[in-house]
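Asks: Handing you a structure now.
The values are calculated or read from the model by the stated rules, or taken from the named source; none is laboratory data. Keep in mind that this is a model prediction, so the values were computed, not measured. Cβ coordinates were reconstructed from backbone atoms using ideal geometry, including for glycine residues, and neighbour counts include every protein chain displayed.
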Amino acid sequence: MERKLYTREDVVNFIGMNRHMVLTGDESLLSALPVGNWIGGTIPYFMDVQGGIFTKDKIFVDDFTSLGIDFRIIEFDEQNISGVATSGFRNGFTILLIPGESGILQEFAMNADSYPGIFRNPITGYVTGNDLNETNATPKVFNGTTAKCFSDKAIGIHVELPAAKIARVEIVNIFRPVEKADIITFPVSGFNQTKCFVNGEERLLIEYLDGQKYDTQFPLIVNQAGAYINKSFRMLNKETKEVKFFAPLLTGEKYMLAQKVEDYGARFEKEIGTIPQTEFVCNCILNHLYGKFEGKKINLNWKTTFGEVAYQLLNQTLVYLTIDEMEE
């Protein structure tokens, strides 16, 4: 089945065919679907075959029926989310949907790296959200097997693969550190920061950023085992001197300013031009906004998400899942 937007009537038919799916769309659509082998998350932004689109009238379908030999749907709360990896299959992958602005998102973001077996099988997925113009809406996830929705739990689908296949999760990040970058560290871990150390000297982060004339459209980045990971800015409060991020800054990690990207959209398109065949793709809402993808056609379909999962919480990143044949 093609990965794209479908009407509610189409999706009802897919559910009736016992398809195992991840469904992404507006809460009003997901809440009206029948019980079946699906999980869902609230998001109205997509890159579809027609281009970048905002819609509350259709549902984006990721169908894993033909890939898997077994499936397992599990609800996670703040107490059992640490078992997200160990509750899966020996060979397979997991799609995890986490409601935005939730306690379980905070728990996962702060501690996922320490969960037992977290790197055993690929774990991907996304953080749910809503129309950016609806300030009172609450992001949700859905367990299609019970037709229940949650704003305080995550939902995951484990997919078991045949022995001859193996899943792989990759990321696309257009940012690199500035040359001769200052090293920025933080005395406490968290989403909100005030004090930092710049090359060992204590500073107020907001004053350091002002002094650098730094455009917070670009994130702080950290090198984790050779991969650059973004920590995107959410808000700067000039009065309290507090800087809020969409992902936590952690003690012990060394952060750097990112190089300025002159043509955000063009750079992003170039980076994704070599992606192989994918089975699941999500891309950050910040890339959607800064890259001006609304109405623009790109040769890749995705959900435009409020945080991405690739073993941990990511920002301003495209994440994709691909399936490889095992070498004999």
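Asks: Taking the criterion of being free of Cβ contacts under 8 Å to residues at least 40 places away in the same chain, in the same structural domain as Thr138 (by TED's automatic domain parsing) and exposed (fewer than 15 other Cβ atoms within 10 Å of the Cβ), would at least one residue in the range 297-311 satisfy it?
Replies: At the first step, the residues of the range 297-311 found to be free of Cβ contacts under 8 Å to residues at least 40 places away in the same chain are 299.
Then keep just the ones that are in the same structural domain as Thr138 (by TED's automatic domain parsing); that gives 299.
Those still in the list that are exposed (fewer than 15 other Cβ atoms within 10 Å of the Cβ) too: 299.
Yes, the range 297-311 has at least one match.
Asks: Can you spot a residue in the range 274-292 that is part of a strand (DSSP E or B), surrounded by 14 or more Cβ atoms within 10 Å (Cβ to Cβ) and either among the small types (Gly, Ala, Ser) or in contact with a Leu (Cβ under 6 Å, 6 or more places away or on another chain) (or both)? So that I can check it myself, show each step before the final result.
Replies: Just the residues of the range 274-292 that are part of a strand (DSSP E or B), to begin with: 280-284.
Checking which are surrounded by 14 or more Cβ atoms within 10 Å (Cβ to Cβ) leaves us with 280-284.
Filter again for either among the small types (Gly, Ala, Ser) or in contact with a Leu (Cβ under 6 Å, 6 or more places away or on another chain) (or both), leaving 280, 283.
Taking every residue of the range 274-292 in turn, at least one turns out to be part of a strand (DSSP E or B), surrounded by 14 or more Cβ atoms within 10 Å (Cβ to Cβ) and either among the small types (Gly, Ala, Ser) or in contact with a Leu (Cβ under 6 Å, 6 or more places away or on another chain) (or both).
Asks: Still on this structure: Within the range 24-76, how many residues turn out to be more than 18 Å from Cys149 (Cβ to Cβ), of a type in the set (Gly, Ala, Ser) and buried (at least 17 other Cβ atoms within 10 Å of the Cβ)?
Replies: 2
Asks: So, of the residues in the range 169-195 that are of a type in the set (Lys, Arg) and either farther than 25 Å from Glu107 by Cα or in the same structural domain as Asn287 (by TED's automatic domain parsing) (or both), which turns out to be surrounded by the fewest Cβ atoms within 10 Å (Cβ to Cβ)? Give the derivation first.
Replies: So the first thing to find is which residues in the range 169-195 are of a type in the set (Lys, Arg), and the list is 176, 180, 195.
With either farther than 25 Å from Glu107 by Cα or in the same structural domain as Asn287 (by TED's automatic domain parsing) (or both) added as a condition, the list becomes 176, 180.
Numbers: Arg176: 14, Lys180: 6.
For the range 169-195, the residue satisfying everything is Lys180.
Asks: State whether one or more residues within the range 121-131 are surrounded by fewer than 24 Cβ atoms within 10 Å (Cβ to Cβ), of a type in the set (A, V, I, L, M, F, W, C) and closer than 30 Å to Lys270 by Cα.
Replies: Within the range 121-131, not a single residue is surrounded by fewer than 24 Cβ atoms within 10 Å (Cβ to Cβ), of a type in the set (A, V, I, L, M, F, W, C) and closer than 30 Å to Lys270 by Cα.
Asks: Further question: Out of Ser114, Ser82, Ser151, I need the residue that is in contact with a Phe, Trp or Tyr (Cβ under 7 Å, 6 or more places away or on another chain), surrounded by fewer than 22 Cβ atoms within 10 Å (Cβ to Cβ) and without any contact (Cβ under 8 Å) to a residue 60 or more places away in the chain. Which one? Reasoning before the result, please.
Replies: Working: Ser114 fails: in contact with a Phe, Trp or Tyr (Cβ under 7 Å, 6 or more places away or on another chain); Ser151 fails: in contact with a Phe, Trp or Tyr (Cβ under 7 Å, 6 or more places away or on another chain).
Exactly one residue qualifies, and that residue is Ser82.
Residue by residue, here is whether (1) within 21 Å of Gly36 (Cβ to Cβ); (2) in a helix (DSSP H, G or I); (3) at pLDDT 95 or above holds:
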position: Asp57; (1), (2), (3): yes, no, yes
position: Gly68; (1), (2), (3): yes, no, yes
position: Ile95; (1), (2), (3): yes, no, yes
position: Ile98; (1), (2), (3): no, no, yes
position: Val127; (1), (2), (3): no, no, yes
position: Ala137; (1), (2), (3): no, no, no
position: Thr146; (1), (2), (3): yes, no, yes
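Asks: So, in the range 224-243, exactly how many residues are in a loop (DSSP other than H, G, I, E, B), within 17 Å of Leu313 (Cβ to Cβ) and among the polar types (S, T, N, Q)?
Replies: Initial filter on the range 224-243 (in a loop (DSSP other than H, G, I, E, B)): 225-226, 232, 238-241.
Filter once more, keeping what is within 17 Å of Leu313 (Cβ to Cβ): 225, 232.
Subsequent filtering for residues that are among the polar types (S, T, N, Q) retains 232.
Of the residues in that region, 1 qualify.
Asks: Do any residues in the range 194-205 that are more than 17 Å from Leu250 (Cβ to Cβ) and at pLDDT 95 or above have Cβ atoms under 9 Å from those of residues that are of a type in the set (D, E, K, R) and in a strand (DSSP E or B), where the two are at least six apart or on different chains, and which pairs are they?
Replies: Cβ pairs passing all conditions: Glu202/Lys195; Arg203/Lys195; Leu204/Lys195.
Asks: Could you tell me whether the range 31-38 includes any residue that is part of a strand (DSSP E or B), assigned by TED's automatic domain parsing to the domain that holds Asn121 and not small (Gly, Ala, Ser)?
Replies: The initial filter retains those residues of the range 31-38 that are part of a strand (DSSP E or B), namely 38.
Among the residues that remain, those that are also assigned by TED's automatic domain parsing to the domain that holds Asn121 are: 38.
The next check asks that each one be not small (Gly, Ala, Ser); those that pass are 38.
Yes, the range 31-38 contains at least one residue that is part of a strand (DSSP E or B), assigned by TED's automatic domain parsing to the domain that holds Asn121 and not small (Gly, Ala, Ser).
Residue by residue, here is whether (1) within 30 Å of Ile298 (Cα to Cα); (2) in the same structural domain as Ser102 (by TED's automatic domain parsing); (3) outside any strand (DSSP E or B) holds:
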site	(1), (2), (3)
Phe197	no, no, no
Arg203	no, no, no
Asp210	no, no, yes
Asp215	yes, no, yes
Val222	yes, no, no
Phe245	yes, no, no
Thr251	no, no, yes
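Asks: Against the definition (outside the structural domain of Phe119 (by TED's automatic domain parsing), over 24 Å from Pro99 (Cβ atoms) and either among the charged types (D, E, K, R) or surrounded by fewer than 19 Cβ atoms within 10 Å (Cβ to Cβ) (or both)), how does Asn237 come out, yes or no?
Replies: Values: outside the structural domain of Phe119 (by TED's automatic domain parsing): yes; over 24 Å from Pro99 (Cβ atoms): yes; either among the charged types (D, E, K, R) or surrounded by fewer than 19 Cβ atoms within 10 Å (Cβ to Cβ) (or both): yes.
So Asn237 fits the description; yes.
Asks: While we're looking at this one, here's another question. If Trp38 satisfies every condition in (1) free of Cβ contacts under 8 Å to residues at least 40 places away in the same chain; (2) touching a Leu at 6+ places or on another chain (Cβ under 6 Å); (3) of a type outside the set (Asp, Glu) but one, which is the exception?
Replies: Only one criterion in (1) free of Cβ contacts under 8 Å to residues at least 40 places away in the same chain; (2) touching a Leu at 6+ places or on another chain (Cβ under 6 Å); (3) of a type outside the set (Asp, Glu) is unmet by Trp38, namely (1).
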